[in-house]
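FYI, it's all coordinate maths here, none of it is from the lab. Just so it is clear, the model here is predicted, and its values are computed rather than measured. Heads up, the Cβs are rebuilt from the backbone with ideal geometry, glycines too, and the neighbour counts pull from every protein chain shown.
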Amino acid sequence: MQKNDSMNNSMLQLAESCFKLRERDIGEYARLRGSGMNFFTGVYDAAGAGSLFLMDMKAPLGLMKMQTSVFSPTELDGPILSLDFVEAFGTCTLVLELYDTTLSHPDFQQLEKVKAEYSSLPDYDPGEHWFDSIRLPVSAHKKGRKLRAEMLQMVQEYAALYFELLQHCKSCDVAEKKAENAKFADGLLQNGGPAVNQFRKMVGEEKTAAFIRTCMFCCE
């Protein structure tokens, strides 16, 4: 697999290799700005599977950059894949998390192979969170200096295997699966977090809820 210089470009290409994608018109949410930070967002419907959310955030003077990617299955009974890649002052932070919003709890344990392959990358403790009960153990958290290339390669291998496993998941009732995804989205809104709190400052409570539910997790 060829290396890619952007996590979100990698995710887009990997999803396109498995599913037919159609970009969704998300209006004003495609570009937002607040506190000097710029957010660029794209949402793609993945035929027969679910949706792909991609967001790029850039801080003033390029001092901090973050990419977020979320794949939310709605037609296949797979877990949500959420990725964050942050670059700030030479340090890279990578978050690879799976959330079990499934109906039948399929096995994604094979992702441990990728974690083992990249075990030399330094881990960090993400701490305790409200979603710990549904975050699968195959999730990974890495942080270190001058590890950009290695982390992006880990993303490619991890996401490629995720999509391979997802294609073997059972088809499911869309309304039931969206309801499970919505529980996670609502938990995020209720409990907050850096990104959610920043959006509230920029667009208010109502639009933040719409963004999380309709763009990020596509549960409506």
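Kindly indicate which of L94, L98, L81 is within 30 Å of L61 (Cβ to Cβ) and not polar (S, T, N, Q).
Result: L94 is the single residue among L94, L98, L81 that is within 30 Å of L61 (Cβ to Cβ) and not polar (S, T, N, Q).
Looking at E112, E117, E128, E176, which one is within 18 Å of L76 (Cα to Cα), surrounded by fewer than 17 Cβ atoms within 10 Å (Cβ to Cβ) and either touching a residue at least 60 places away in the same chain (Cβ under 8 Å) or over 16 Å from the mean Cα position of the chain (by Cα) (or both)?
Going through E112, E117, E128, E176 in turn, the sole match is E176.
Among residues belonging to segment 27-54 that are buried (at least 17 other Cβ atoms within 10 Å of the Cβ) and touching a Phe, Trp or Tyr at 6+ places or on another chain (Cβ under 6 Å), point out the one that is farthest from V86 (Cα to Cα).
A49
Can you report the number of residues in segment 57-83 which are assigned to a strand (DSSP E or B) and crowded, with 20+ Cβ neighbours inside 10 Å?
Here the count works out to 13.
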